[in-house]
1. Which distance in Å, rounded to a whole number, links the C-alpha centroids of region 113-148 and region 21-98?
2. For helix 109-128, what angle does its Cα long axis make with the longest principal axis of the chain, in degrees from 0 to 90 and rounded to 10?
3. Report the convex hull volume per residue for region 102-191, counting only C-alpha atoms, in Å³.
4. So if I place +1 on the C-beta of Lys and Arg and -1 on the C-beta of Asp and Glu, and nothing else carries charge, what would the dipole magnitude of region 75-164 be about its Cα centre? I want it in debye, nearest 20.
5. Can you tell me the FRET efficiency between T178 and A128 if r is taken as the Cβ-Cβ distance and R0 is 22 Å, rounded to the nearest 0.05?
6. Estimate the FRET efficiency between R141 and W96 by the formula 1/(1 + (r/R0)^6), using the beta-carbon distance for r and 22 Å for R0, to the nearest 0.05.
7. Per DSSP helix of 4 or more residues, -39500 (n - 2.57); summed, then divided by the residues of the chain. What does that give at 222 nm, rounded to the nearest 500?
8. Which ordering of H103, H168 is given by a fewest-first count of other beta-carbon atoms within 10 Å?
Amino acid sequence: MQASIYADVIGSRRLDDPAALLPALGETVRRLNHLFAPSIDTPFVVAYDDAIMGALADPVQAPLCLSVMRELLAPLMVRVGVAVDGSGEDAFTIAWHEDSLVHYSGMGEAADLLLNAFWRLLDPLLRARTPAQWEAAAAVRRHDTRVAAAKNLGISERALAGRLEAGHWRAIEDADATVAAYLAIALGDGD
């Protein structure tokens, strides 16, 4: 069982600095392949000059992978399709038609409906994040402590906490964990 992932940069044809896109995608692909190496089924690659595609052998890792991908590419926003034992690109096409940031498929009709409704509720929170809020979320993920994350950003812990709160960091982290737990149970990996 695998999770095929296809992510396309929203508005890639209208970027202020289009020359920076390919290097950003290349670095993101490199980091994802490194960070998720134990779970990679098909290594992530840059596709069509504005997208990333790959597959995880463990679908439970998909929510975390998407968050890391978003953080690495921010402030660029991506629309993502995730398909369990299917085509991530087909799932992306549905996300594009629905104007949602993520679309899951392959879990069965009821599960797909539930997962996609859940993520549509979170879309506005992700869309509203500022570059500073994305930077704070990425820093917290990269460092062992919030003290270290704040120091790396050159801001106080209080300022970091403010950025995380304004960017709905906890809600989105909880959503990732909830979807991962749901996938684990639904796929028979959980208790």
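Values in this text are rule-based calculations from the coordinates and carry no lab data. From a predicted model like this one, the values you see are computed outputs, not experimental measurements. Cβ: placed from backbone, ideal geometry, glycine included. Neighbour counts: every protein chain shown.
1. So the separation of the two Cα centres works out to 16 Å.
2. Relative to the chain, helix 109-128 is tipped by roughly 20 degrees.
3. Values: hull volume 9.4 nm³, N = 90.
So the per-residue Cα hull volume is 104 Å³.
4. With Lys and Arg at +1 and Asp and Glu at -1, about 780 debye.
5. It comes to 0.65.
6. On the way: r = 27 Å, r/R0 = 1.23.
It comes out at approximately 0.20.
7. Details: 8 runs with 106 residues, N = 191.
Dividing the helical sum by the residues of the chain leaves -17500 deg cm²/dmol.
8. H168, H103
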